[in-house]
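Okay, structure first, notes after.
The values are calculated or read from the model by the stated rules, or taken from the named source; none is laboratory data. If you're wondering where the values come from, they're calculated on a predicted model, not measured in any experiment. With ideal geometry, Cβ positions are generated from the backbone for all residues, glycine too; neighbour counts draw on all protein chains shown. The protein model used for the area step is the full one, side chains on, heavy atoms only, and it has no ligands, DNA or RNA in it. Shrake-Rupley method; radii C 1.70, N 1.55, O 1.52, S 1.80 Å.
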Amino acid sequence: MTSVSSPARTIRIGSRKSQLALVQTYWVKEQLQKSYPDINFEVHTMSTQGDKILDVALAKIGDKGLFTKELELGMINQEVDFAVHSLKDLPTNLPEGLTLATITERENPADAVVFHEKYKGQTLETLPEGAVIGTSSLRRLAQLRHKFPHFNFKDVRGNLNTRMAKLDAGEYDALILAVAGLERLGMGDRIHQILSAEVSLHAVGQGALGIECRADDAELITILKAIEHTQTRDRCLAERSFLRSLEGGCQVPIGVNTEISGDNLTLTGIVASVDGQQMVKNTVTGLAKDAEKLGIELATNLRQQGATEILEKIFTEIQRGS
Ligand code: DPM
């Protein structure tokens, strides 16, 4: 147990109001409370409406981070002290003055398939031609189209409960969702198939939580380190460095896989076209302590294999709104 020298302070945690965000925030609060029984941790839920942004220079916030902006503003404005994010939703470049202080132990980072009742007991391999698969992730779409071109892929929006209701109502034959999100919301029993790395490489940071706070709050950073998981941190820093080097945002067909063996870290990545036709893949191995260097190395290798052209085409298509 670590102790803090100064009199116990109250630490304010900013959280979105979504069910998943609250589950994650209260989990972190509980873990911290175990290490620091004398500190008072308070959860402050924040509106996710973009209207607050009008008060602060946009340049401070950056153009990405749909799920993180309000919380980041709250920290910059000293309304809250830290925020818990699904790491995969946290942009790889943070606003000035904020830092990724801690990464907690990762849950299974894989993607899962939830089938409609009538396909219970099946797998994607046995599903009939034309089956309707729901996903709004370009990464999942590209990789699954590559393996299963005979399916009918359809966009799906809304929170987990909304999506499940649409599946149960027969709008979809199967949904692709993160194992971690389903499990955190107590819906792990609805998982029928877990996709292997050969079928779907997961998103950067998937399954891990990232804690962001003000970079100058040294006392808080020390406190947060109590719940850091070193292996997860090394893996996720390699993944994030890879994504940053490719200048990819949250919505790009980029997938990764990482493994730690002794002192070594192996990082695999793919960049795919949205139709799943083009796909470049590469793997690098090196010391886990050089995680960020490995991410850059992998990005460089993939650029040599044509990743830049694939990504540029996608950005042009997104800008055109197709
Ligand atoms: C990001 C993606 C999705 C979320 C894109 C991707 C999935 C979007 C969709 C960056 N954020 O994965 O390629 O399928 O419509 C999200 C989920 C979780 C965090 C849900 C999910 C829970 C898992 C976790 C949405 N953000 O991926 O099914 O904390 O890693």
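Side notes on the structure shown:
- Exposed-loop-free span, longest in the chain, where trypsin sites (Lys or Arg not before Pro) count as exposed if DSSP calls them loop and at most 11 other C-beta atoms lie within 10 Å: 158-322
- Counting every C-alpha pair in the stretch 166-322, the share spaced more than 27 angstrom apart comes to 35%.
- Placing a label point 7 Å from the Cα of ASP168 along the Cα-to-Cβ direction, the residues of the stretch 113-136 whose backbone N falls under 12 Å from that point are 117.
- In straight-distance terms, cross-link reach from LYS313 covers every one of the lysines whose alpha-carbon lies under 27 Å from its own, apart from those fewer than eight places away in the same chain; here that gives LYS64, LYS88, LYS147, LYS154, LYS281, LYS293.
- Within the accessible area of the chain (1.4 Å probe), percent carbon and sulfur: 48 percent
- Spatially proximal lysines relative to LYS34 (Cα-Cα < 22 Å; intrachain offsets below 8 disregarded): LYS225
- The value given for the stretch 111-194 is a Kirkwood hydrodynamic radius of 12.7 Å, derived from the mean inverse Cα-Cα separation.
- In plain terms, if you count all Cα to Cα distances in the stretch 169-257 and split them into 10 Å steps from zero, the share in each step is 13, 34, 34, 14, 4, 0 percent.
- Cα pair distances exceeding 29 angstrom across the chain, given as percent: 40 percent
- Semi-axes of the equivalent ellipsoid for the stretch 229-322, Cα gyration tensor, largest first, Å: 26, 12, 10
- Heavy-atom accessible area ranking, 1.4 Å probe, most first, across TYR26, TYR172: TYR26, TYR172
- Sorted largest first by accessible area at a 1.4 angstrom probe radius, with every protein chain in place, the residues LEU138, LEU32 fall in the order LEU138, LEU32.
- For the stretch 111-194: accessible area per residue (Å², 1.4 Å): 45 Å²
- Taking Cβ atoms as reference points and 11 Å as the exclusive limit, the residues near LEU177 contribute a net charge of +1, counting Lys and Arg as +1 and Asp and Glu as -1.
- Cα centroid separation - the stretch 237-274 against the stretch 125-149, whole Å: 21 Å
- Local charge for ASP81 was computed over the other residues whose Cβ lies under 14 Å away, with Lys and Arg +1 and Asp and Glu -1, and equals -3.
- Mean separation of Cα contacts under 8 Å, 6 or more apart, over the residue count of the chain: relative contact order %: 20 percent
- Exposed loop sites here are GluC sites (Glu not before Pro) assigned a DSSP state other than H, G, I, E or B and surrounded by at most 12 other beta carbons within 10 Å; excluding them, the longest clear run of the chain is 199-322.
- Using C-alpha pairs below 8 Å separated by at least 6 residues, the relative contact order for the stretch 111-194 is 49 percent.
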